[in-house]
Amino acid sequence: MPLRRLPENIVNQIAAGEVVERPASAVKELVENAIDAGATKIDVVMRAGGRSLITVTDNGCGMSAEELELCFERHATSKLPDDDLVFIQNLGFRGEAIPSIASVSRMTITTRLEGEETAWKLSVEGGKKGALEPGSGQKGTRVEIRDIFFATPARLKFLKTERAEFGAALDVVRRLAMAFPSISFSIADENRTALRVAGSGGDLFDAWLDRLGAIMGREFAENAIRIEAERDGVKLAGYAGVPTFNRGNATMQFMFVNGRPVRDKLFTGAVRGAYMDLLARNRHPLLALFLEISADQVDVNVHPAKAEVRFRDSGGVRGLIVGSLRHALAEHGHRASSTISGQALGAFRAQNSPLPFQSQSRPAANWGRWSSDQAANPSPGLAEANAEYHAPLAAENPPAARADEETGPQQEKSRALEQYPLGAARSQLHETYIVSQTSTGLILVDQHAAHERLVMERMKKQLSTKGVARQMLLLPEVVELDEVAANRIAERADELAEMGLMLEPFGTGAIVVRETPAMLGECNIKGLVQDLADDLGELDTALSLKDRLDDVCATMACHGSVRAGRRLSIDEMNALLREMEVTPHSGQCNHGRPTYVELQLGDIEKLFGRR
């Protein structure tokens, strides 16, 4: 077959295959055009998931009659004044969107310039342009797309359900709405308005937080940490959730480069690295980050849909993201997610059934009479339950003695401790949980999880300064492993020594441990070595242990922390609370679980109907 030039309609359909994969792609291109046109209000309406109808209406600058005719020509654009593909300042710039969409649908554009009395309308069906005619409308542009892909019916077979297609378009609008909080957005289908957000001015960070709260949820706004950093002319801003506010997937992670929503592997890897020792591997933080970088340092022309970018200095950008996130998270120290408290309060529910000792036929108001009636002849079960209970004698704990104790120096010290963020320790539950009282409520602390984080941070700090202090074992301990695991540990003996663990091979399939990190105190050496062997089996053998410092330190810290089941004194509990307050990331353990739950007094009073 001889070489020939393809017909114009085929060329446009091929271009549409690259630019317009589904209805959401058309919505993205049209909304970006509206933003570039300076619109402050953009409304999207879809029918049948976009199959039958898509309309995008904006109040932007609009077009003249001549521009309206020209916009249906391929590569006609107003966004490259200097014909320079390096310094791109707009979301769209290629001039492919309108002709590509028009080649596979029935499209009508109605537009009016500000100051002109007449709007203009032009329709295109399957790439065939109609006649320009006067229309009616406000300043701005209204694009109507009907029967998308009618000219390429094979494409319709690959579309998903109406709900799925509308959901994809909703995600597109949400991302653009996050990037431009000063613009009002709405998107609706035949059943409901799925998103409606009003534009806001003033401080950009406040506007971002309001918009992110409206789209990502009020709980994100309550648990978000402000991110603001700059390095070598590259600025990073936005909000990131505290580690204990997380999800099972990464769908709530958003990245914007110069206002452009992108999906970039560099960003995903940087976020994972920043939260590495703060979250379990199957959990993901929520965040939205906005990167501002010089146009000549990023290439946005590497993907037909402009969904990916390429940085000139990708390592510098990754370092900025990781460093700024880690710094912000460390600054917030012991902060934990507010949703944990809500979940804890939700676990407290009023008892709908009567208490075990309450008769079904006797209301609570008759307890006094019931007690006198039944005291002489209690039921067998009740008698057994109360056999060892005796009311305290007045002489055992007289009121005067309690009053003297409460007004003494101990009370002043306790009140002073209550002003600290984690309050004053009051007691210990089940030798596992510390109960502390603050001036505004109470706090429950998981002593093992909290101390685990403290030990890990101490170890990391020592490693970065003078090295981990070691303690020699009075009797070296021999740990038996399988031969492969023993060899794996022996190969890393020098690196483990830097972390305070001195060991060496001891025959076939055995390791002898001579020194351990001093901060671990008395620990289960056999369990520690076995866990380290398992971890080393999962780590990349090409990486040094310093590169996987967080993983190794987390394993050691777990074995050196205060275990559940250990009874602590009030002074020990208070010391733990004070150290938590000044230790980075102490709001979550090394596995991403919360270390404490805070219950406000007002919420507790609501549980008892006092509010």
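General remarks:
- Distance between modelled label sites at S182 and D299, nm, 7 Å Cα→Cβ extension: 3.2 nm
- Gain upon complete extension [E605, S52; 0.36 nm per residue less C-alpha separation]: 193.7 nm
- Working from Cα pairs under 8 Å separated by at least six residues, relative contact order for the range 236-302 is 53 percent.
- Coil-residue GluC sites (Glu not before Pro) of the range 184-251, DSSP, other Cβ within 10 Å capped at 16: E190
- Cross-link partners of K460 among lysines (Cα-Cα below 20 Å; sequence separation of 8 or more within a chain): K546
- Chain lengthening between N249 and A510 when straightened (0.36 nm per residue, less Cα-Cα): 89.9 nm
- Taking a straight Cα-Cα cut-off under 17 Å and skipping sequence neighbours fewer than 8 places away in the same chain, the lysines within cross-link reach of K129 are K121.
- Set of the range 141-185 residues, backbone N closer than 11 Å to the point 7 Å along the Cα-Cβ line of T193: 185
- Relative packing of peptides 584-591, 65-72 - highest average C-beta neighbours within 10 Å first: 584-591, 65-72
- Using the average count of surrounding beta-carbon atoms within 10 Å as a protection proxy, the listed peptides 104-115, 515-526 rank, highest first, as 104-115, 515-526.
- When only alpha carbons of the range 403-611 are considered, Rg and Dmax amount to 20.7, 69 Å.
- Residue-span extension gain [E228 to E480] - 0.36 nm each, minus C-alpha spacing: 85.7 nm
Only the coordinates and a few stated rules stand behind these numbers; no lab work does. Keep in mind it's a predicted model, so treat the numbers as computed, not measured. Counting neighbours? That spans all protein chains shown, and the Cβs are built from the backbone with ideal geometry, glycine included.
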